[in-house]
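The values are calculated or read from the model by the stated rules, or taken from the named source; none is laboratory data. The structure presented is a predicted model; accordingly, all values stated were derived computationally and were not measured. Because the Cβ atoms are built from the backbone with ideal geometry, glycine has one as well, and the counts that use them run over all protein chains shown. Accessible surface is based on the protein model in full, side chains and every heavy atom, while ligands, DNA and RNA are left aside. Shrake-Rupley method; radii C 1.70, N 1.55, O 1.52, S 1.80 Å.
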Amino acid sequence: MRHPKLIIAGIGLAALTAAGGATAAAAAGGPSASNAAIGHTAAAATVRTASATVAGQTETILVNSGGLPLYFYRPDTAAKSLVTGGVAALWPALTSAAPNAAGATGKLTVVNDAHGHQVAYNGHLLYTFVSDHAGQVTGQGVQNFFVATPGLTPIASSPAPAGTVPAAPPANGYGY
């Protein structure tokens, strides 16, 4: 075969399309790829509350405008997403330049990162899960992702950098 990479890319695109409805833009990669795959654009995204069954219990959770449950990734920081590569394909970031909150009392912000204008709730960057449907929670606890709830505790300010050195003691060595 003269162009095996093209054939493999075509097969991969066909598999993505069959599995999740991804578009050619999503297969091309980049920040708009995850947006195209889940139908998000730079338009205003709405974060609202809804009831759903999580681990056998009915809870009030955060969902996007399409009713998909929203998740946070425990290792993320308030300023940086650590979700990349294949994990990002399974857990698309919620992106919007101007998100709205409906029924959620926490603070919505936008973090400009590798995913574009990623929406954060109380400092937690938000994601959807490709296996979920509106009203269905299947990603709870999977790969360190957890369902976002209205009472999600804000991320505390980061501690002092690890390289910080305490002040030197006085010259007499007694500390006074």
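Scanning segment 134-154 for residues that are among the aliphatic types (A, V, I, L, M) and open to solvent by less than 40 Å² (accessible area, probe 1.4 Å) turns up VAL137, VAL147, ALA148, LEU152.
Per-residue answers, yes or no, for (1) at pLDDT 95 or above; (2) of a type outside the set (Asp, Glu); (3) within 18 Å of PHE145 (Cβ to Cβ):
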position: ALA42; (1), (2), (3): no, yes, no
position: ALA55; (1), (2), (3): no, yes, yes
position: THR58; (1), (2), (3): no, yes, no
position: ASN64; (1), (2), (3): yes, yes, yes
position: LEU82; (1), (2), (3): yes, yes, yes
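Regarding GLY123, is this residue of a type outside the set (Phe, Trp, Tyr), at positive phi and open to solvent by less than 60 Å² (accessible area, probe 1.4 Å)? Taking the combined requirement at face value, the residue satisfies it.
Looking across segment 72-109 at every residue that is in contact with a His (Cβ under 9 Å, 6 or more places away or on another chain) and outside any loop (DSSP other than H, G, I, E, B), the one that is most open to solvent (accessible area, probe 1.4 Å) is identified as TYR73.
Quick grid of which residues meet (1) modelled with pLDDT under 55; (2) part of a loop (DSSP other than H, G, I, E, B):
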{"site": "ALA120", "(1), (2)": "no, no"}
{"site": "SER131", "(1), (2)": "no, yes"}
{"site": "ILE155", "(1), (2)": "no, yes"}
{"site": "THR164", "(1), (2)": "yes, yes"}
